[in-house]
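The next block holds one structure in the form of structure tokens; read it before the comments.
The values are calculated or read from the model by the stated rules, or taken from the named source; none is laboratory data. Everything numeric in this text was worked out from a predicted model, so none of it was measured. Reconstructed Cβ throughout: ideal geometry from the backbone, glycine too, with neighbour counts over all protein chains shown. Only protein heavy atoms, including side chains, enter the accessible area calculation; ligands, DNA and RNA are left aside. Shrake-Rupley method; radii C 1.70, N 1.55, O 1.52, S 1.80 Å.
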Amino acid sequence: MTDPRRAVGAGLDATGTLDVESPALAPTAGPCAQNSRYRIGTGLHDVTGVIADTASPAWVNPQQVFSALHTRVYARAFAIESPCNGRRVMFVSIDTGLMSRAIRQAVLAEIDADARLKERYNGHNVMLSVTHTHSDPNTGIAGDNTGFAVLVSGIVAAIKNADTNLAAHPVPGEIGLSFGELLNTNINRSKPAFLQNAEAERQRFTNARGEQVQVNKQMVQLELYREPRKAVGLINWFGVHPTVIGPDQPYVSGDVKGYASLGLERLMGTDYRADAAAGTFVGAFAQADEGDSSPNIFIEDFPYPDPRRGGGETDLDSNAISGIKQLARALELLGQGEAVAGPVDYQFRTVAIDNITIEDPVVLASLNHPPELDDAIKRTCSGALGASFGAGAEDGPGPTVEGLKCGDDPDLLNAALADIATLQGARFEGFPGGWPAETIPGHVLSAAVMCNVRLLPPALGDFSCQAEKPVLLPRGGSALPFQLLRIGQFAVLGIPWEVTTVSARRLRSLLMTELAPVGVRKIVIAGLVNDYVHYLTTREEYSAQHYEGASTLYGPWTHAAVAQEALKLARAMRAGEPHSEPVAVAARSDLSLSPGPSEAPHRSGAPGTVMTQPPASVNAGERVVVEFVAGHPRNDLRLQESYAYVERLGADGGWHTVSEDRDPSLIYDWRAQIAQPAAFENPLGSGGSAQVIWSVPRNTAAGTYRIRIAGGAKVLSDAVQHYEATSEPFTVSGPSDECP
């Protein structure tokens, strides 16, 4: 709690207004009004895919090729049931970049195929939420079934573990609800768009210095307890992009939220291979309204790719800074909140989002845009990404520029002359590693081509409602999941967008008006849930056509349409309406793993050969680097296991594991003899080596240690040959006095 990294950025923020004001709470009505006891189950499972020759589906950087493991990634599941009404929900937080309809359908199909699970869970009460780490390879290569299979199988395994754990503990426990500020940890990365919102609305959220609070500083968490007041799980929501580890880095990682989860679980003694019935502590740092919220708190002074943008000297330093801040604040809040009381409930609807007219008088009355942004008929239409989508966000810029938009009367001649001028030797700026081409003539393309896409016949897609947006890429996916879960006085709205700060404030305000009269006190807007359809901005933010507005697919009235549909869920929940939508179940998917490559022999020897031994002794706080000949990681994913272990010699003469590759202090870096120029499903089998890099924690006990690795190789063979190897022992002198 006294880690000096918590002080990085001190003074950037001041305490301020936490959230939208809720109306006076009415007592919870019905048979569950006084209920404060809940049956609880927790479970988790490894979902780490192929860590080499893969890429991130979130960064979409053609030059990124993963080759190293910073931390393993997990699915964390929480089953919660109210004995008073028998309703149960399953919340799953997954360390991955994007949820998709295909992943969700595959998970639900596996649930439906399980006789026990299908009696309790379906698409109505299972919420799949991703943390949005940009450093996970799952589903990152088109046609690669391994990432998809690992993700689906791991999510289902976590759900099964949570269900088994709940069944093994029939005595209800308690749930705590805590919330508070977390300062100096996130900033608004799209300030010009944020400032398009009404001044009066922005002034509702100010800090002690009179400054507008431009991102949500509130951390909310549910704490799950069994008797006697034993914490068995925690779900924490804080809106911030996990983008500290940039698109030029080779690391597979859970980024800042994964760091916080693993740190909390380490403190709580989590056993990642525990029997499901016995269970173990599970701590999820889930995602909330992160649409314009960046962890790179110094990005204005040190723009990408400067590693100091996150507060550290390297991306991994910055990862630890942000992760520790979130972990420490969660620990401060733990046990300091209020007891949860009331029912468990849920509502779910599938919405055809591309054909909605906003007619709800409550939503219409809530709109506060300037007259010039108004439309007599406010509706959505076919989805499309705008020209400024290619610019990316400040955390990892793309090749084009933000702010490309359609005007009423574009001056094509002047725009063309300006674009021709930019082509004189200009290159893309800001894209990772540069870009081997010249600047896109954005104004000409936008005005002369992309803006006129709106005039195409409707049979090719109705883009007529896109307003300022020049249409770059049509984007399907119009049947979208809307889900609302309630646990006592807490509710979470799960939608498949990345929701900006003001968008979330408006949604919370509307939902609170409906749900406060039945006892709901705190509402989280959780984006990136059950599917993915890019961003959700306000009408005003959309008009700026920055990256987030260009990525708001269904036009400028998308937010109003989402609000209208979300209110339907809230009203149905308030009225206790039954679920009218049938539960759709798709056919089961192929969950087999793609085979790994056959490898050429390594010049240094067989897999497991030690190429570089550790020094004879090190001090706590120093680094140990050992290198082995190693097979390609695709040949053995080591799920629920580890590629690398740090072991300590015990008094009993045996070697005992003290660290595995889920620990950010232990990095497994695989290096091919012939490096791949891009991510491939079936890389060339060159053979490789692995560096195991242990940054010895300052509180490491003095003693004798060694490094062990395990894996699989296919040296001139189609059969996987498993191997293990150990380094020579070395001594550690410690602990260091500098350890906080």
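Odds and ends about this structure:
- Residue within region 519-542 that is touching a Pro at 6+ places or on another chain (Cβ under 7 Å), within 22 Å of Ala198 (Cβ to Cβ) and assigned to a helix (DSSP H, G or I) present: yes
- The condition (being under 23 Å from Gln326 (Cα atoms) and either among the charged types (D, E, K, R) or in contact (Cβ under 8 Å) with a residue 12 or more places away in the chain (or both)) is satisfied by just one residue among Ala77, Ala68, Ala102, Ala33: Ala77.
- Residue tally, condition surrounded by 19 or more Cβ atoms within 10 Å (Cβ to Cβ), out of contact with any strand residue (DSSP E or B) (no Cβ under 8 Å at 6 or more places or on another chain) and either at pLDDT 95 or above or more than 26 Å from Ser717 (Cβ to Cβ) (or both), over region 622-660: 1
- Of all residues in region 139-175, those satisfying the criterion of being in a helix (DSSP H, G or I), open to solvent by 30 Å² or more (accessible area, probe 1.4 Å) and farther than 21 Å from Ala584 by Cα are Asn145, Asn161, Thr164, Ala167.
- Candidates Ala620, Ala600, filtered to the one that is in contact with a Cys (Cβ under 8 Å, 6 or more places away or on another chain) and either touching a residue at least 60 places away in the same chain (Cβ under 8 Å) or among the basic types (Lys, Arg) (or both): Ala620
- Of the residues in region 339-351, not one is among the basic types (Lys, Arg) and surrounded by 22 or more Cβ atoms within 10 Å (Cβ to Cβ).
- In region 318-338, residue most open to solvent (accessible area, probe 1.4 Å) [restricted to those that are of a type in the set (D, E, K, R) and more than 22 Å from the chain's Cα centre (by Cα)]: Glu332
- When the test is whether a residue is among the acidic types (Asp, Glu) and open to solvent by less than 40 Å² (accessible area, probe 1.4 Å), Asp136 passes it.
- Conditions (1) assigned to a loop (DSSP other than H, G, I, E, B); (2) at pLDDT 95 or above; number of the one not met by Leu515: (1)
- One residue stands out among those in region 511-551 that are under 24 Å from the mean Cα position of the chain (by Cα) and among the small types (Gly, Ala, Ser): the one that is surrounded by the fewest Cβ atoms within 10 Å (Cβ to Cβ), which is Ser551.
- Spans of strands (runs of 3 or more DSSP E) in region 36-112 with at least 1 residues under 15 Å from the mean Cα position of the chain (by Cα), basic (Lys, Arg) and crowded, with 24+ Cβ neighbours inside 10 Å: 74-81
- Where a residue in region 456-473 is within 18 Å of Glu372 (Cα to Cα) and its partner, wherever it lies, is open to solvent by 60 Å² or more (accessible area, probe 1.4 Å) and assigned to a strand (DSSP E or B), with Cβ under 6 Å and at least six apart: Cys465/Arg379
- All positions within region 661-699 that are small (Gly, Ala, Ser) and either in contact with a Leu (Cβ under 9 Å, 6 or more places away or on another chain) or modelled with pLDDT under 95 (or both): Ala672, Ala675, Ala678, Ala679, Gly685, Ser686, Gly687, Gly688, Ser695
- Of the residues making up region 699-710, not a single one is under 35 Å from the mean Cα position of the chain (by Cα), over 26 Å from Asp652 (Cα atoms), assigned to a loop (DSSP other than H, G, I, E, B) and touching a residue at least 12 places away in the same chain (Cβ under 8 Å).
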